[in-house]
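The values are calculated or read from the model by the stated rules, or taken from the named source; none is laboratory data. In this text, all values refer to a predicted model and were calculated from it rather than measured experimentally. All Cβ positions, even for glycine, are placed from backbone atoms using ideal geometry, and neighbour counts span all protein chains on display. Side chains included, ligands, DNA and RNA excluded: accessible areas come from the protein's heavy atoms. Shrake-Rupley method; radii C 1.70, N 1.55, O 1.52, S 1.80 Å.
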Amino acid sequence: MKTVYLDNNATTRVAPEVLEEMLPYFSDLYGNPSSMHRFGGQVGRKLAEARERLANLLGAQPSEILFTSCGSESDNTAIRSALLARPDKRHIVTTRVEHPAVLSLCTHLEKREGYSVTYLGVDSEGRLDLDEYKAALTKDTAVAAIMWANNETGVIYPVEEMAAIAAEHAVSFHTDAVQAVGKVPMDLEKSAITTLALSGHKLHAPKGVGALYVRKGTPFRPFLIGGHQERGRRAGTENTAGIIGLGKAAELAGANIGHENTAVRALRDRLEEGLLAAVPSSVRNGAKEPRLPNTTNISFGYVEGEAILLLLDELGICASSGSACTSGSLEPSHVLRAMGVPFTFAHGSIRFSLSRYTTAENIDYVLDGLPGVIENLRRISPFHPGEGPKPACTC
Ligand SMILES: *Cc1c(COP(=O)(O)O)cnc(C)c1O
């Protein structure tokens, strides 16, 4: 069966160029970059190149990059480091729409470790309010953690402006940029962002490698303690092949970001406009702009997201629903709840996320298949007003 993969905010395909660059480091070039001998040293030089490539994509210096195992580790490291560096301050500012890598950590710090946390709300389009943000920063605030772009809606937040405001208050500013890196041009040198998290597998590098940007001069406390890897900032023998893959992926993203974004945006808009026109009672969740070019989140009213996903899966179409199906609950997504999306729409939300490998045929295939799926589900939906048989009472 053919596969139409529109779940790139969950994970992406490793680019063939990335795989090719990595392969020798799984076989012949297996040296430890910390070794004294030349065999290890050549791997060390390749890691330095990867660090440089990633720094170029971010507009940072190579010494400001440390490699980690994933985006979640980068988020945890950055936030904990900011708190440990300012033991006199006990307050954190974040948002209600963060990825669990930040949100669950903040809840943990609040419930288990005695910190106080302000969770900023969003409006119905998923946007933050800068006045609410400014008012939340106090003398006790150690760190503000605000994502660059939302993984569910694609909405982009004004993090550069927010970082500048944090700096005026002597507050450390962390951004989870896992969804933004490679899609949004960045020049960290010119910004006031203190730390930034990213993940390899969201930008066509493999799973199991991530990175953290730490602005030069920032006091830093390691999360993993042990050997002297990453200049003492992250212990553990490096995931050499993964890091080299991430470096290559960064180089590819930087070289292609302009035309790729244009092409991906055109396909995304065609999908979004086509679905909204073809399916009654469908709405986009989240502001139209500023938004990641690859993401659209659409609610199909009066149907269950899980049911839609199952029928799309029958057609070979991979997408995501906003409901937390993985946790076994049918709670609608915390992001859509924060936006105040009504129950009958929040449950029927589907996220489509495209990549450089998405084709026009892929989009046409979805536009062909999805409206019929929704029509069939609505015919049997107990929620849908005025259509189909009402469910028999089972009590
Ligand atoms: C995927 C994702 C993460 C987690 O990254 P991992 O590498 O899977 O740990 C964090 N934040 C956002 C916004 C994400 O989309």
task: Name the residues whose placed amide hydrogens come within less than 5 Å of the amide hydrogen of S321, ignoring near sequence neighbours (fewer than 5 apart) on the same chain.
output: R351
- prompt: For the stretch 9-18, in order, what is each residue's ³J(HN,Hα) by Karplus, 6.51 cos²θ - 1.76 cosθ + 1.60 with θ = phi - 60°, in whole Hz (x at glycine and Pro)?
  reply: 7, 7, 5, 10, 5, 5, 5, x, 5, 5
message: List the pairs from K111/K216; K111/K134; K111/K139; K2/K183; K46/K288 whose alpha-carbon separation is above 30 Å, in the order I gave them.
response: K111/K216; K46/K288
- line: Row for the stretch 152-268, column shape: gyration tensor on C-alpha, a ≥ b ≥ c, rounded if a/c < 1.5 i.e. under 1.5, prolate if a/b over b/c, else oblate; value oblate
Formal net charge of residues neighbouring A338 (Cβ-Cβ distance under 12 Å; K, R +1; D, E -1): -1
- line: For the stretch 232-335, one quarter of the surface area of the C-alpha convex hull, expressed in nm², comes to 10.6
field: Rounded to whole Hz, the Karplus (6.51, -1.76, 1.60) HN-Hα couplings of the stretch 353-358, x for glycine and proline
entry: 10, 9, 8, 4, 8, 6
field: Beta bridge orientation in the stretch 16-253: antiparallel %, DSSP, nearest 5
entry: 40
query: Taking the Cα centre of the stretch 16-253 as the origin, how large is its charge dipole in debye, to the nearest 20, when only Lys and Arg (+1) and Asp and Glu (-1) carry charge on their Cβ atoms?
result: 820
message: Can you list residues from other chains, or at least 5 along the same chain, whose modelled amide H is less than 5 Å from the amide H of L292?
response: V155, I156
- prompt: Where a ≥ b ≥ c are the square roots of the eigenvalues of the C-alpha gyration tensor, would you call the stretch 4-81 rounded, which needs a/c under 1.5, or, failing that, prolate if a/b is larger than b/c, or oblate?
  reply: oblate
task: Determine the relative contact order of the stretch 16-253: mean sequence separation of Cα pairs under 8 Å and six or more apart, normalised by residue count, in whole percent.
output: 28
query: Hey, if we sort F39, F220 by accessible area with the 1.4 Å probe, largest down, what's the order?
result: F39, F220
task: Determine how large the accessible area of H259 is when every protein chain is in place; take a 1.4 Å probe and give Å² rounded to the nearest 10.
output: 120
- prompt: Where the accessible area of the stretch 16-253 is counted over protein heavy atoms with a 1.4 Å probe, how much of it, in %, is carbon and sulfur?
  reply: 53
message: Can you classify the stretch 72-190 as rounded, prolate or oblate using the Cα gyration tensor, where a ≥ b ≥ c are the square roots of its eigenvalues, rounded means a/c under 1.5, and otherwise it's prolate if a/b beats b/c and oblate if not?
response: rounded
- prompt: Cα atoms only, the stretch 16-253: Rg and Dmax in Å?
  reply: 17.8, 59
query: Tell me, how many Å apart are the Cα centres for the stretch 47-119 and for the stretch 216-256?
result: 14
